[in-house]
Amino acid sequence: MSVKDRLTEIEKEIDAACERSNREKENIKIIAVTKYVSMERAKEALDAGVVHLGENRVDEGVEKWETLGERGTWHFIGSLQSKKVKHMINQFNYIHSLDRLSLAKEIEKRAPENEKVKCFVQVNVSGEESKAGLKPEETVSFIRQLAEFPSIEVTGLMTMAPFVEDAEEVRPYFRRLRELKEEIEAMELPHAPCHELSMGMSNDYVVAVEEGATFVRIGSALVGKEK
């Protein structure tokens, strides 16, 4: 199946999820996660109408950006080493994995002059040791500390749910992140508007949309897997 056909099917499912949850479909953006596919497949996604591309490795992401960059909006969705920030800061429009002050310091140091770097704070809602991110109870304090970094804008929160066969099992984690986002949003912090939620992947994006996701990160279900 072509990327275009897959995108059509995914959009239909998102539309249905929006109807069930009384949401506007215009508020949900699909990120095509292209980390496991070739340059050609990423280009096919753009040709199909995808706007947002997600990569989790700096070197491969920058390589794709150098060829396709002007055509898309780029999201860094993987764990980000501080030493790698200088190599990607001008290529990616969003960073989805801010979870420590040392990384914030490096982003601030490398940020383009007079520009905001849009960051999602990563929260480990499930508590799995294998996943990065702050504990929910640490998140508000951490975001308050980010006021010290004028180049960073906290655009929202991100989480990765456990991989399970029944997506209904992860609904509580998505709901918890939405509640936390709403709590931070209500604080009206100038540096942290926190209007967005990055959650949901190929196996659970429908539930994520029902629970408030504004960005869903879809890889295999949209572009397949070649590597």
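Read the figures in this text as sums done on the coordinates, not as results from a lab. Given the structure is predicted, the values throughout are model-derived calculations rather than measurements. Every residue, glycine as well, gets a Cβ built from its backbone with ideal geometry; the counts of neighbours run over all protein chains shown.
Rounded to the nearest 20 debye, the dipole size of the stretch 3-223 about its Cα centre is 620 debye, using +1 on the Cβ of Lys and Arg and -1 on the Cβ of Asp and Glu.
With Cα atoms defining each centre, the stretch 103-158 and the stretch 15-34 are spaced 24 Å apart in the structure.
Amide H contacts for Leu134 (H built 1.01 Å from N in the peptide plane; partners 5 or more residues away or on another chain; cut-off under 5 Å): Gln122, Val123, Asn124. Past 26 Å, Cα to Cα: identify those pairs from Lys86/Lys131; Lys35/Lys118; Lys29/Lys105; Lys12/Lys131; Lys64/Lys135, in the order given. Checking Cα-Cα distances, Lys29/Lys105; Lys12/Lys131; Lys64/Lys135 exceed 26 Å.
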